[in-house]
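The values are calculated or read from the model by the stated rules, or taken from the named source; none is laboratory data. Source: prediction; values computed, not measured. Positions of Cβ are backbone-derived with ideal geometry, glycine not excepted, and every protein chain shown enters the neighbour counts. In case anyone asks, the SASA skips ligands and DNA or RNA and just uses the protein heavy atoms, side chains included. Shrake-Rupley method; radii C 1.70, N 1.55, O 1.52, S 1.80 Å.
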Amino acid sequence: MTSLDHVAVDYEFGAGQTAADYPTLEEKLEVAADVTRTALEQYERPAVMWTGGKDSTLVLYVVREVAADLGVPVPPVVYIEHFEGLDDVRHFVDHWVDEWDLDLVVARNEDFFEHGWAFGDEVRVDELNEQNRRELDRIEFEGETMVVDPDSFEGNHLLKTIALNNAIVEYDFDGVFSGVRWDEQASRAKETFFSPRHDAEKYPPHDRVNPILQFTEADLWEAFWHFVVPDSVDEFPAGHAPQSRTDLPDGVALDDIPVPEKYFEGFRSLGTETGSERSDDRPAWVQDLEHTTERAGRAQDKENLMERLRDLGYM
């Protein structure tokens, strides 16, 4: 497994800060580019975690832009397949993998797929492979059976975290770009731009790189409509934030822009098929972002356990 001896980054960069320390979009984008540039120069085998959601898509945009400036390849993108992904989002990922000529790595817990289990199946723990049984012991799961559900604590750990860890080992990734933000979830408020994951008893040693910690939800959408979308679609005017799914420039369709359709349908945070709900009928960026909760439409059992999940290696 990769040693991090070759990496020299400031693990304290961002400690004690909030989005307010970067008051303008220009400042936020500048630090995102600086963090990304450092990472692409320091890590030998970086990767980008890409869920297809808004946060990781903005990270991917920044990585692609900086990689082009440096004249280096765009790192592989890692998509976690966990039985309950939104079909629209997977279509979005596959479409833009082709458009942007990306190297896609699909991470999944092969034990579940090899058995042919599906979402909602009740699985006997003694039918799981040795690694999965060991991981259930580590999180002190005591049941004789578990339900295949990535929104449960044990399901999230096996179907997402272990899938990602196995991909890190298989591809020897040493730095993994992530789309976490300080304002998104309480457990993420203390994150730094370069976050060490070096405890080999918990996860394969690597670093998480968090270029957009300093963005709020509103900042993120401003970046999309001023930079991400116009830079991807020549016909799209910078700064035009559509007020509906039909409020697009002539000749531009939803599939032409790197924004999942779910956000036009009123979803503000995308998780699993059964664990995500729209929060309004209006597009995400049109809603009251300041006075309402971004992740209110997500499965709350997992949200309430986020700090413990992150300690195990979750995003």
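Name the shape class, rounded, prolate or oblate, that the alpha-carbon gyration tensor gives for region 125-281, where a ≥ b ≥ c are the square roots of its eigenvalues, rounded holds for a/c under 1.5, and otherwise prolate holds if a/b is larger than b/c and oblate otherwise. Prolate.
Our summary gives region 188-263 a relative contact order of 19 percent, counting only alpha carbon pairs under 8 angstrom and 6 or more residues apart. Axis of helix 54-70 versus longest Cα principal axis of the chain: the two differ by about 70°, to the nearest ten degrees. By the rule of a C-alpha distance below 17 Å, with chain neighbours fewer than 8 residues away ignored, the aspartates and glutamates paired with K190 are D10, E12, D21, D207, E303, E307, D311.
Exposure here means at most 16 other Cβ atoms within 10 Å; with trypsin sites (Lys or Arg not before Pro) in a DSSP loop as sites, the longest stretch of the chain lacking them is 1-189. Computed over protein heavy atoms with a 1.4 Å probe, the carbon and sulfur contribution to the accessible area of the chain reaches 43%. For the chain, with equal point scatterers placed on the C-alpha atoms only and solvent neglected, what are the log10 I(q)/I(0) values from the Debye formula at q = 0.10 1/Å, to two decimals? For the chain at q = 0.10 Å⁻¹, log10 I(q)/I(0) is -0.56.
Since only G52, Q42, V74 are under comparison, the one whose Cα sits farthest along the positive direction of the charge dipole of region 24-76, derived from C-beta charges on Lys, Arg, Asp and Glu, is G52. Considering only F141, F236, F83, the mean-square fluctuation computed in a Gaussian network model of the chain, springs between alpha carbons under 10 angstrom, is largest for F141. Pairwise inverse Cα distances across region 180-234, averaged and inverted, put the Kirkwood hydrodynamic radius at 13.1 Å. Solvent-accessible area per residue in the chain equals 44 Å², computed with a 1.4 angstrom probe and all protein chains kept. Here, region 92-180 has an Rg and a Dmax of 14.9, 46 Å when only alpha carbons are counted.
For the residues D207, D21, D149, a GNM of the chain with alpha-carbon springs under 10 Å puts the largest fluctuation on D21. Of the residues H291, H206, H115, the one that moves most in a GNM of the chain with alpha-carbon contacts below 10 Å is H291. Computed over the Cα atoms of region 48-135, pair by distinct pair, the Kirkwood hydrodynamic radius stands at 15.0 angstrom. If you look at the Cα atoms of region 1-114, you get an Rg and a Dmax of 16.1, 49 Å.
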